[in-house]
Amino acid sequence: MLKGRMIQGCRAIAEAVTLCRPRVISAYPITPQTLIVEELASMVAEGELDTEFINVEGEHSAASLVLGASATGVRVFTATSSQGLLYMAEVVFNIAGMRLPVVMVNANRSVSAPLNIWNDQQDSISMRDSGWIQLYAENNQEACDLVLQAFRIAEDHRVMLPVMVCVDGFVLPHAFEVVDLPSQKEVDAYLPPYQPIYKLDPDNPLTMGAFTEPDKYMEARYMIQRTMEASIPIIEEVAREFKRTFGRAAGGLFEKYRVDDASTVVVALGSMAGTTKDVVDDLRNKGQKVGVLRLITYRPLPEEALYEALKGTQNIVVIEKALSLGGSAPLAVELRSVFHGRPASPKISGFVIGLGGRDVTTDDLKYAIEKAQQQLINMEFIGLRTDLELEGINA
Amino acid sequence: MPELVKERDKLVDHLLCSGHTACPGCGQALAARLVVRAAGRNVIIVNSTGCLEIFTSKYPESAWEVPWLHSLFQNTAAVASGVEAALKTLGRLDKVRVIAQGGDGSTFDIGFGAISGMFERGHDILYVCYDNEAYMNTGIQRSGSTPTYARTTTSPPGKASLGNLRPKKDLPRIAAAHGIPYVAVASVGYPMDLDRKIRKALSIRGPKYVQIHVPCPLGWGTEPSKTIDYARLAVNTGLYPLIEIEDGVTTAIKIPTRVPVEEYLKGQVRFRHLLEGTGRKEEIAEIQRMADRNIEVYDLIAK
């Protein structure tokens, strides 16, 4: 029997956030994230969450407000989706550049146009170069566990970078699942109060957000890159300690599912991995050596660990709810770069799937696996409709 | 030496230190020093992108001896809201004041939404706008604060235009419309009045807005030595009335005598096209009517 409660994802995430005792939360509605800040607001109203909960006038200010609070030395949280993330994009970059340990949940949603409120991951993938650590959750249990870990990672003095916990919109926050949330005492022991290295304080006046000329800017960016690389073992360390404390595996760089002897490995992010595991089980039963590598830490991209995990595989099938328009499937491109010039390089195929909330079916995934086993696919859209008379689609 | 340092620590005249890189005659640099002097050491300043930010914070140097943060151009009021919220939750808001400050571009235009949000939410923050009436840091472009017929690089006068064709946005009254407890307009030309308004603003809880007129020699094409003169002329023509709006009640500093607007316009390159040759009498008369209207509305002439 599963430990925990049957609970809606948004409520579970909000309770996990509450357990982390953020002192300042900024909130602005956007589907499908809204339910999370609604739950937080109701907890504040019921006296269950002691925080400065501030309804702002837009996502640009939502991110800016937590930036200011974090710079003043307190733990902060906010959440967004899609257009909200794009609207706050310049603040997203700024928070990372200022080395502030902000934690944000992004309920992944497509980007406009056309307007579409449903799930894909184009929003957060577009922020991959911003200097935020990005963690992707498979289910609501992991979403909660990653929230706890996110604060640990962000506030680690060896890191001091913001962390975005990405949860597939609707698929997670709107779904009811059994989630086991730890007690406040357990979380307090795992996540001590935030100890800032630097903060705005009249007793020790600092200038933050100075500008640099060409003789120093590059070094500041280089330091973030170095920290990103150095945070890979810290993300693993935080996940190991999480397992020791709570007895449950969550987080880390990636999850390997039936990968070790696999000749074909599907690489996926987030909730799609669940369906993919079912497909893998089915194909295994038919004698195929197939596995799934579910990437959890997209930024920093754990290149060496991915190489070690996937070398010797014949086919890598990257399925992505994102694309670089005019470019290609972004993660597939990055995996190709991981293997470039190295021995035992697999064929790496990229598939774009499930944009704008289109269902990702087991048949779609089987098709992708089969196709990639036959030939190298640079990038292909899966599940395009053939009944629409659109130029190029039926060619 | 330690004795000297201790002595100096008692002073507040250098909370914005010398050695910054502002242009000669910069009205904003002087006003900003007066603001932080009035605020004292127990303050946190959040500063928009702009001249003031650039000329005081080139890494690794800083002209600020108070905690100071710059994030972006348009989010200063929101960042300051976060600073205030954090101080509140830390129980330090009774000791530490928060000032958000920026130029007219970040205040009137790009950052206005965030400022409106800060006012509406009732944060205990003083927002200071240094108004030099154009985007000076990027090279003198028109803002919502640029006065009628002023030349900027994006509102140049030419055969088909007389410069900026729109009137200046009335931000003090827009701020007051939020129902905030204190709104004031000051001028770097009248430092004692400016000092009084900043101190008064900081003694009031809740959101405050103070707008300070700061001539920009580079952007206005005025002599660096004439900054104070032009600041005073703006006030004494009636073009820049020094008003206070407290809980909805408006008062104004009286001006001794009505100075014709032409006295203010002449000597400024940004208005030269109105005065060249035979002069643009109609447009000058229009500017005079704006001044006259202020004099009437705010009852500026002492009786």
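Shape call for region B:4-129 from the C-alpha gyration tensor, a ≥ b ≥ c root eigenvalues: rounded (a/c under 1.5), prolate (a/b greater than b/c) or oblate? Display every interim value, and only then the final one.
Values: a/c = 2.07, a/b = 1.20, b/c = 1.72.
Judged from the Cα gyration tensor, region B:4-129 comes out oblate (a/c at least 1.5, b/c at or above a/b).
Using per-residue counts of other Cβ atoms within 10 Å, averaged over each peptide, order B:73-79, A:363-369 from highest down. Show your work: numbers first, answer last.
On the way: B:73-79: 30.0, A:363-369: 19.4.
Most protected by this proxy first, the peptides run B:73-79, A:363-369.
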Between the helical axis of A:272-285 and the dominant principal axis of chain A, each derived from Cα atoms, what acute angle in degrees is found, rounded to the nearest 10?
30
Computed over region A:254-381, the relative contact order (Cα-Cα under 8 Å, seq sep at least six) in percent reads 27
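To check you understand DSSP bridge types, tell me what percent of the beta bridges within the protein assembly as shown (both residues inside) are antiparallel, rounded to 5.
Antiparallel bridges make up about 25 percent of those DSSP assigns within the protein assembly as shown.
Please work out the Cα convex hull volume for region A:1-74 and give it in Å³ per residue.
95
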Quick check: from the Cα gyration tensor, does region A:197-304 come out rounded (a/c under 1.5), prolate or oblate?
prolate
Ellipticity estimate at 222 nm from DSSP helix runs (n ≥ 4, -39,500 (n - 2.57)) divided over chain A, nearest 500:
-12000 deg cm²/dmol
Of the convex hull enclosing the alpha-carbon atoms of region A:139-229, the direction-averaged projected area in nm² is 9.1
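Mean separation of Cα pairs under 8 Å and 6+ residues apart, divided by the residue count of region A:5-246: what relative contact order is that in percent? If you can, show how the numbers build up before the last one.
On the way: 452 pairs, mean separation 57.6, N = 242.
That works out to 24 percent.
At a 10 Å Cβ-Cβ cut-off, how would you order A:Trp132, B:Trp68, fewest neighbours first?
On the way: A:Trp132 25, B:Trp68 28.
Fewest to most other Cβ atoms nearby, the residues stand as A:Trp132, B:Trp68.
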Per residue and in cubic angstrom, what volume does the convex hull of the Cα atoms of the protein assembly as shown have?
199
Please build a GNM for chain A, connecting alpha carbons under 10 Å apart, and tell me which residue among A:Val280, A:Val167, A:Val187 fluctuates the most.
A:Val187
Folded to 0 to 90 degrees: helix A:59-71 orientation relative to chain A principal axis, Cα
60
Rounded to the nearest 5, what % of DSSP beta bridges with both residues in chain A are antiparallel?
20
May I ask you to evaluate 6.51 cos²θ - 1.76 cosθ + 1.60, the Karplus curve with θ = phi - 60°, for each residue of region B:287-303 and list the ³J(HN,Hα) values in order in whole Hz, giving x for glycine and proline?
5, 4, 5, 5, 4, 4, 4, 4, 4, 6, 4, 9, 6, 7, 8, 5, 8
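Give me the net charge of B:Leu242's neighbourhood, meaning all other residues with Cβ under 12 Å from the Cβ of B:Leu242; Lys, Arg count +1, Asp, Glu -1. Intermediate values should be presented prior to the final figure.
Details: positive: B:Arg196, B:Lys197, B:Arg232, B:Lys254; negative: B:Asp193, B:Glu244.
Around B:Leu242, the surrounding residues sum to +2.
Can you sort B:Thr153, B:Thr250 by how many other beta carbons sit within 10 Å, fewest first?
Working: B:Thr153 13, B:Thr250 16.
The fewest-first ordering by Cβ neighbours comes to B:Thr153, B:Thr250.
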Extension gain from B:Asp292 to B:Glu223, taking 0.36 nm per residue of separation minus the Cα-Cα distance:
22.2 nm
Under-5 Å amide H pairs with B:Tyr127, H placed in peptide plane, nonlocal only:
B:Ala100, B:Lys208, B:Tyr209, B:Val210
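Could you tell me which of rounded, prolate or oblate describes region A:5-246, using a ≥ b ≥ c as the square roots of the eigenvalues of the alpha-carbon gyration tensor, with rounded for a/c under 1.5 and, failing that, prolate when a/b is larger than b/c and oblate otherwise? Present the calculation step by step, with values, prior to reporting the outcome.
Values: a/c = 1.45, a/b = 1.24, b/c = 1.17.
Note, shape of region A:5-246 comes out rounded.
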Space enclosed by the convex hull of the alpha-carbon atoms of region A:254-381, per residue, Å³:
100
Enumerate the amide H contacts of B:Thr222 below 5 Å, restricted to partners 5 or more residues apart or on another chain; note that Pro and chain-start residues carry no placed amide H.
B:Val269
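For n ≥ 4 DSSP H runs only, could you compute -39500 (n - 2.57) per run for chain B, divide by its residues and tell me the 222 nm figure to the nearest 500?
It comes out at -10500 deg cm²/dmol, rounded to the nearest 500.
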Helix axis angle, B:112-121 relative to chain B longest principal axis, alpha carbon, degrees:
50
If eta is 1.567 mPa s and T is 4 °C, what Stokes-Einstein diffusion coefficient results for region B:11-297, Kirkwood Rh from Cα pairs, in µm²/s?
68
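Can you put A:Val179, A:Val318, A:Val76 in order of Cβ neighbours within 10 angstrom, beginning with the fewest?
Numbers: A:Val179 25, A:Val318 28, A:Val76 32.
Starting with the residue having the fewest Cβ neighbours, the order is A:Val179, A:Val318, A:Val76.
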Which whole number gives the average count of other chain Cβ atoms within 10 Å of the Cβ atoms across peptide A:47-53?
2
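Each reported figure results from applying straightforward, stated rules to the coordinates on display, with no laboratory input. Small disclaimer: the values here were computed from a predicted structure and weren't measured. All Cβ positions, glycine included, derive from the backbone under ideal geometry; neighbour counts span all protein chains shown.
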